[in-house]
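The values are calculated or read from the model by the stated rules, or taken from the named source; none is laboratory data. This is a predicted model, so every value here is computed, not measured. Cβ atoms come from the backbone with ideal geometry, glycine included; neighbour counts cover every protein chain shown.
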Amino acid sequence: MRAMKRIVILISGRGSNMEAILRAASAEKWPAQIVAVISNKSTAAGLATASSAGIAARVVEHVSYPDRAQFDQALSTVIDEYSPDLVILAGFLRILTSAFVAHYHGRMVNIHPSLLPSFPGLDTHQRALEAGVKFHGATVHFVTPELDHGPIIEQAIVPVLDTDTEDTLAARVLEQEHVIYPRAVRDFIEGRYALMEGRIVRHTA
């Protein structure tokens with residue numbers, strides 16, 4: 001029997017993508033256990049969601065540390081208590097050091113609200129509207145030291161409407177995030193792809 005994979009999720013707020021992953025894991029009976037949800041903010045609403053689901057909810061506040069490197073070291077110490085096979089960034093609003101990223105190489109994923117490599121960073125929806133693109137979307141990718149530039153696992157495309165505002169476009173993109181992120185995570189834990197020598201290698205059953 002295949003061993004259950006262990007997942008740790010990092011959040012900074014409500015964690016709507018975390019909620020989507022929790023729902024999918026339960027409904028689809030994934031061969032995995034979400035063993036901890038960790039936030040850099042004690043006020044993150046997603047911590048209560050995790051606790052109510054019987055998941056360890058931990059806080060490592062970045063404001064308690066003098067610099068990014070010391071925060072990342074403290075965070076990795078807590079993460080490693082749970083021996084995760086996969087670390088999921090779900091609205092975790094911190095830029096991570098190269099050492100932290102290297103420690104979880106090939107087992108840390110993120111979702112970004114644009115069709116990478118377009119619009120890395122913040123304010124993606126407003127920038128997409130200002131650029132006049134006809135299609136926008138979301139990208140699940142492996143985390144690498146370069147912000148929002150890791151190998152792409154999955155993308156969802158959302159048409160940009162003439163009537164769109166930043167809020168309406170963001171809402172439609174978020175709906176797709178909640179579809180592709182759980183799917184990408186499930187495919188990882190079921191061994192359907194892996195990161196090898198900087199590229200995604202897909203495995204067929």
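Miscellaneous remarks
- Flag if residue 90 is closer than 21 Å to residue 33 by Cβ, in contact (Cβ under 8 Å) with a residue 24 or more places away in the chain and either surrounded by 21 or more Cβ atoms within 10 Å (Cβ to Cβ) or out of contact with any Pro (no Cβ under 6 Å at 6 or more places or on another chain) (or both): yes
- Count of segment 12-40 residues which are in contact with a helix residue (DSSP H, G or I) (Cβ under 8 Å, 6 or more places away or on another chain) and either within 22 Å of residue 78 (Cα to Cα) or of a type outside the set (Gly, Ala, Ser) (or both): 19
- Within the set 29, 5, the sole residue that is free of Cβ contacts under 8 Å to residues at least 40 places away in the same chain, closer than 24 Å to residue 184 by Cα and among the basic types (Lys, Arg) turns out to be 29.
- Scope segment 147-205; condition in a loop (DSSP other than H, G, I, E, B) and closer than 24 Å to residue 97 by Cβ; matching residues: 147, 148, 149, 150, 151, 197, 198
Per-residue answers, yes or no, for (1) surrounded by 19 or more Cβ atoms within 10 Å (Cβ to Cβ); (2) within 22 Å of residue 33 (Cβ to Cβ); (3) touching a helix residue (DSSP H, G or I) at 6+ places or on another chain (Cβ under 7 Å):
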| residue | (1), (2), (3) |
| --- | --- |
| 156 | yes, no, yes |
| 164 | no, no, yes |
| 169 | yes, no, yes |
| 175 | no, no, no |
| 179 | no, no, no |
| 182 | yes, yes, yes |
| 193 | no, yes, yes |
| 199 | no, no, no |
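- Residue count for segment 137-149 under the criterion of being surrounded by fewer than 16 Cβ atoms within 10 Å (Cβ to Cβ) and touching a residue at least 12 places away in the same chain (Cβ under 8 Å): the result is 3.
For every residue, the table says whether it meets (1) exposed (fewer than 15 other Cβ atoms within 10 Å of the Cβ); (2) in contact (Cβ under 8 Å) with a residue 40 or more places away in the chain.
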site: 55; (1), (2): no, no
site: 62; (1), (2): no, no
site: 77; (1), (2): yes, no
site: 84; (1), (2): no, yes
site: 98; (1), (2): yes, yes
site: 105; (1), (2): yes, yes
site: 109; (1), (2): no, yes
site: 135; (1), (2): yes, no
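- Residues (of a type outside the set (S, T, N, Q) and under 14 Å from residue 42 (Cα atoms)) located in segment 57-74: 57, 58, 59, 60, 61, 62, 63
- Residues in segment 111-121 that are surrounded by fewer than 16 Cβ atoms within 10 Å (Cβ to Cβ) and under 15 Å from the mean Cα position of the chain (by Cα) were compared, and the one that is nearest to residue 191 (Cα to Cα) is 120.
- Whichever residue in segment 128-162 is charged (D, E, K, R) and under 21 Å from the mean Cα position of the chain (by Cα) and, among such residues, is modelled with the highest pLDDT: 154
- The residues of segment 163-199 that are aliphatic (A, V, I, L, M) and over 17 Å from the mean Cα position of the chain (by Cα), listed by number, are 169, 171, 196.
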